[in-house]
Amino acid sequence: MRVAMYYSNNDVRLEEMPTPQIGPGELLVRIEASGICGSDVMEWYRLDKVPLVLGHEIAGEIVAVGGKVGKGGVKGEMERYKEGDRVSASHHVPCNTCHYCLSGNHTVCDTLRRTNFDPGGFAEYVRLPAINVDRGVYLLPHEVSFEEATFIEPLACVLRGQRRAGMKPGHSVLVIGCGIAGLLHVQLARALGAGVIAATDIVDYRLEAARRFGADASLPAEEDIPARLRQLNEGRLADLVIVCTGAEPALTQALQSVERGGTVLLFAPTNPGVVIPISVNDVFWRSDTTLTTSYAGSPADYKAALELIRAGSLRVRDMITHRLGLAESGLGFQVVAAARDSIKVIILPQR
């Protein structure tokens, strides 16, 4: 089968490798659509692991179901799926039994951090290991296309982030960074009943997109954002600030833009080793600010994301700016890494 083998953001090669063989409890899925995630272009995160096949925002059709085993095994489990089923799947799945899972922190589970697809979503086929099949496969309703299904994973991450940040109806929201994650945050906040929503970025194309997807105001990041927020929000700063960029100035801007008693959600990673000075008294003690983070999404978040997409609560199809064949994956990575005139780049491996 053909795969897009990643060596660097500027070196993604179309190569051949054997189609994975599946065993009991496993599924072979023909990939129809796979989204390029912002994390896929974080070179510092994976250059010591290359070459490899990336891609975790997948949707496709089951073409083979692993052999069944005897009583007490996976027989009943595999009867849930059949050839021809349209599915999406989680690349990371939790154990559901460890301290972290039982505390509701599924995304820091050791099992979740070890599990993955074989080889990755930028391929004609992937093998879903039995543990992923057991707790991370989602049948697609007929209303949800393969392309729309590639948004399930990123939207699940966004859902978990806003839940951890305590997003409530009527809250004013500032989203810093209007890439795909930032725009999903804008749309979700609007769907959940937020009050004033403002968004910032350094790229005009993305500022326009923020307005199109529900922001009341989109502000160039170099402006005095706290002052602009007070103009928009009856003299107050934002109840919730969501940082969707790893740019260091954004972290300082976030702390300056949050209202007393508000929350700053650090949603995007920075480059390694980034440290910012924080006045504990001014930011936390006197202002009672909450600083939190969020990583990935739980199986429950995936199911909620799928339902939101099915219901049309978020306009995910309108966020797709590029549809590329597998041989064009290198171009897709360059477009995403440039972070300018694109929102969502979809790879169609069967093209």
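Where a number appears in this text, it was derived from the coordinates with a stated rule and is not lab data. Nothing here was measured: the structure is a model prediction, and the numbers come from that model. Because the Cβ atoms are built from the backbone with ideal geometry, glycine has one as well, and the counts that use them run over all protein chains shown.
Show me, bin by bin at 5 Å from 0, the whole-percent P(r) of the stretch 166-293 based on Cα pairs.
Per 5 Å bin, starting at 0, the Cα pair percentages come out as 2, 12, 24, 26, 22, 10, 4, 1.
How many angstrom separate the Cα center of the stretch 308-340 from the Cα center of the stretch 88-122?
If we compute the Cα centre of each part, the gap is 24 Å.
Please identify the longest segment of the chain free of exposed GluC sites (Glu not before Pro), where exposed means a DSSP state other than H, G, I, E or B and no more than 13 other Cβ atoms within 10 Å.
Between the exposed loop sites, the longest stretch runs 235-351.
Taking only C-alpha pairs under 8 Å that are 6+ residues apart, what is the relative contact order of the stretch 166-293 in percent?
22 percent
Ile131 to Thr97: extension gain in nm, 0.36 nm per residue of separation minus the Cα-Cα distance? Write out the running numbers ahead of the final one.
Working: separation 34, 0.36 × 34 = 12.24 nm, distance 1.33 nm.
So the chain would gain 10.9 nm between Ile131 and Thr97.
Report the residue, chosen from His91, His185, His322, that carries the largest GNM mean-square fluctuation when the chain is represented by alpha-carbon nodes joined by springs under 10 Å.
His322
I need the phi-derived Karplus couplings for the stretch 138-146: 6.51 cos²θ - 1.76 cosθ + 1.60, θ = phi - 60°, integer Hz, Gly and Pro marked x.
Working through the residues one at a time gives 10, 5, 8, x, 5, 6, 9, 6, 4 Hz.
In whole angstrom, and with the biggest value first, how far do the Cα coordinates of the chain range along each principal axis?
The Cα atoms of the chain stretch 65, 42, 40 Å along the principal axes, largest first.
Run the quick spin-label model on Arg310 and Gln231: label points 7 Å from Cα toward the beta carbon, then report their separation in nm to one decimal.
Calculated label separation equals 4.4 nm.
List the pair-distance distribution P(r) of the stretch 201-249, using every Cα-Cα distance, as the percent of pairs falling in each 10 Å bin from 0 up to the bin containing the longest distance, rounded to whole percents.
Going from the shortest bin to the longest, the percentages are 23, 57, 20.
Report, in debye and to the nearest 20, how large the dipole of the chain comes out about its Cα centre when Lys and Arg carry +1 and Asp and Glu carry -1 on their Cβ.
So the magnitude is around 780 debye.
Using only the Cα atoms of the stretch 1-61, construct the convex hull and provide its projected area averaged over every direction, in square nanometres to one decimal. All intermediate terms of the calculation are to be shown ahead of the outcome.
Numbers: hull surface 19.6 nm².
Value for the stretch 1-61: 4.9 nm².
Using the beta-carbon distance between Glu248 and Leu348 and R0 = 56 Å, what value does 1/(1 + (r/R0)^6) give for FRET efficiency, to the nearest 0.05?
Step by step, r from the Cβ atoms, then E = 0.95.
List the residues, sorted by chain then number, that are 5 or more residues from Glu57 or on another chain and whose placed amide H is less than 5 Å from its amide H.
Here the answer is Gly35, since their amide H atoms fall under 5 Å of that of Glu57.
Assuming 0.36 nm per residue, please report the length gained on full extension of the stretch Asp48 to Ile278 beyond their Cα-Cα distance.
79.6 nm
With no solvent and one equal point scatterer placed on each C-alpha of the stretch 101-183, evaluate the Debye formula and give log10 I(q)/I(0) for q = 0.13, 0.15, 0.23, 0.24 Å⁻¹, two decimals.
-0.62, -0.82, -1.35, -1.36
Arranged by the count of other C-beta atoms within 10 angstrom, fewest first, what order do Tyr100, Tyr45 take?
Working: Tyr100 17, Tyr45 13.
Ranked by crowding around the Cβ, least crowded first: Tyr45, Tyr100.
If only Cα atoms are counted, what is the Rg of the stretch 77-221, and what is its Dmax, in Å?
Values for the stretch 77-221 (Cα only, Rg and Dmax): 18.0, 53 Å.
Quick check for me: using +1 on Lys/Arg Cβ and -1 on Asp/Glu Cβ, what's the dipole size of the stretch 308-351 about its Cα centre, in debye to the nearest 20?
Result for the stretch 308-351 is approximately 180 debye, rounded to the nearest 20.
Quickly work out the Gln256-to-Asn271 label distance, labels modelled 7 Å from Cα along the C-beta direction, and quote it in nm with one decimal.
Here the modelled spin labels are 2.1 nm apart.
Rounded to the nearest 500, what is the chain's calculated 222 nm mean residue ellipticity when only DSSP H runs of at least 4 contribute -39500 (n - 2.57) each, over all residues?
-7500 deg cm²/dmol
Quick one, can you get me the convex hull of the C-alpha atoms of the stretch 1-138 expressed as volume per residue in Å³?
Details: hull volume 15.9 nm³, N = 138.
Expressed per residue, the convex hull around the Cα atoms of the stretch 1-138 is 115 Å³.
Treat the stretch 128-173 as a sphere of radius equal to its Kirkwood radius over Cα pairs and apply Stokes-Einstein at 25 °C in a medium of 0.890 mPa s; give the translational diffusion coefficient in µm²/s, rounded to a whole number. Write out the running numbers ahead of the final one.
Details: Rh = 13.1 Å.
My calculation gives 188 µm²/s for D.
Rank the residues Cys178, Cys157 as a footprinting-exposure proxy: fewest other Cβ atoms within 10 Å of their Cβ go first.
Cys157, Cys178
Using a simple spin-label model with points 7 Å from Cα along the Cα→Cβ vector, what separation in nm is obtained for Ala338 and Glu83?
Result: 4.3 nm between the two label points.
For Met1, Met319, what's the fewest-to-most ordering of other Cβ within 10 Å of each Cβ?
Met1, Met319
Antiparallel versus total DSSP beta bridges in the chain: what percent is that, nearest 5?
If I count the DSSP bridges inside the chain, around 55 percent turn out antiparallel.
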